[in-house]
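To start, the structure itself, in structure tokens.
The values are calculated or read from the model by the stated rules, or taken from the named source; none is laboratory data. Small disclaimer: the values here were computed from a predicted structure and weren't measured. Here Cβ is always computed from backbone atoms with ideal geometry, including for glycine, and neighbour counts include all displayed protein chains.
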Amino acid sequence: MAIKTHDVEWVEETPMNFWEATFLPAVFDGLRITGGHVTNFKTVTELYPEQQPTLPTHYRGVHRLNRDDKGRVKCVACMMCATACPARCIEIVAQEAPKDDPNWADRDKFPKSFVIDQLKCIYCGMCEEACPVDSIELTHLYDLTGMSREEMMFDKEKLLSVYDQTKDSGVDPIRTHKGALGHASDFTNLHTLGPATSVRGDDRSANAASSGVISN
């Protein structure tokens, strides 16, 4: 539908006066602001590393792998984090849990290896959101350095050591205690699902010998 003429409002540009046309007022305003910054001797720079920064609560830093109540790695090797990762920096190799070990009776598998390439990671937190058992989390550790690429490859043992380092720090507490493994493992209280649709007994399409063919 075309726009009606009375719905169109024309805006005229405000004409500049002589001084505005010379741009001198804008130049002096800029010099005034610059001079105010130059003559302001109040220190606003943090003297790192002597002064450590105060990070926001939602800061996403170095990853960690959480442990469960038995001290095992909480990860169940479902590959959800590696699938959700946009940088493709997570590599997981799953291993079947030993059936003859009672400590692993509640697990089908666990990660044999879990490696995160910190140089590829963009610290978006998608792995943390995708994890169904709250195993992987991003901490407030920010001073991540390494002399080689190999040092920036965090394997399972290194990620678990980050958990041991940060769990009692006060800024990176364990964020959930839902069940032994997490909310994805609480299968006992799931409601029974009913059929999405009900079919009447006299429905001719349901009683047809071939799908898509209705006999008279």
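Brief remarks follow.
- Residue within segment 79-96 that is in contact with a Leu (Cβ under 8 Å, 6 or more places away or on another chain), part of a loop (DSSP other than H, G, I, E, B), more than 22 Å from His140 (Cβ to Cβ) and not polar (S, T, N, Q) present: no
- Segment 10-58 - residue that is part of a helix (DSSP H, G or I) and either in contact with a Gly (Cβ under 7 Å, 6 or more places away or on another chain) or polar (S, T, N, Q) (or both) and, of those, farthest from Glu128 (Cα to Cα): Thr22
Conditions tested, residue by residue: (1) touching a residue at least 40 places away in the same chain (Cβ under 8 Å); (2) exposed (fewer than 12 other Cβ atoms within 10 Å of the Cβ); (3) basic (Lys, Arg).
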{"position": "Ala105", "(1), (2), (3)": "no, yes, no"}
{"position": "Asp108", "(1), (2), (3)": "no, no, no"}
{"position": "Gln118", "(1), (2), (3)": "yes, no, no"}
{"position": "Cys121", "(1), (2), (3)": "yes, no, no"}
{"position": "Tyr142", "(1), (2), (3)": "yes, no, no"}
{"position": "Met147", "(1), (2), (3)": "no, yes, no"}
{"position": "Glu150", "(1), (2), (3)": "no, yes, no"}
{"position": "Ser169", "(1), (2), (3)": "no, yes, no"}
{"position": "Pro173", "(1), (2), (3)": "no, yes, no"}
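- Under the condition of being touching a helix residue (DSSP H, G or I) at 6+ places or on another chain (Cβ under 8 Å) and under 18 Å from Arg67 (Cα atoms), the residues counted in segment 109-127 number 7.
- When segment 85-103 is limited to residues that are touching a helix residue (DSSP H, G or I) at 6+ places or on another chain (Cβ under 6 Å) and more than 24 Å from Arg149 (Cβ to Cβ), the one that is surrounded by the fewest Cβ atoms within 10 Å (Cβ to Cβ) turns out to be Pro98.
- Annotation note: of Lys74, Lys70, the sole residue that is surrounded by fewer than 19 Cβ atoms within 10 Å (Cβ to Cβ), over 28 Å from Pro53 (Cα atoms) and charged (D, E, K, R) is Lys70.
- Going through (1) over 11 Å from Leu65 (Cα atoms); (2) among the small types (Gly, Ala, Ser); (3) out of contact with any Cys (no Cβ under 8 Å at 6 or more places or on another chain) one by one, Ala84 falls short only on (3).
- Meets criteria (surrounded by fewer than 12 Cβ atoms within 10 Å (Cβ to Cβ) and within 21 Å of Pro173 (Cα to Cα)) for Thr54: yes
- Among the residues listed as Ser148, Ser215, the single one being modelled with pLDDT of 80 or more and in a loop (DSSP other than H, G, I, E, B): Ser148
- Of all residues in segment 34-47 being surrounded by 10 or more Cβ atoms within 10 Å (Cβ to Cβ) and at pLDDT 90 or above, the one that is nearest to the chain's Cα centre (by Cα): Thr34
- Criterion violated by Lys99 - all others in (1) under 22 Å from the mean Cα position of the chain (by Cα); (2) part of a loop (DSSP other than H, G, I, E, B); (3) not β-branched (Val, Ile, Thr) satisfied: (1)
- For first residues located in segment 10-28 and on the phi < 0 side of the Ramachandran plot, partners that are not hydrophobic (A, V, I, L, M, F, W, C) and lie 6+ apart or on another chain with Cβ distances below 9 Å form the pairs Trp19/Pro25; Ala26/Glu20.
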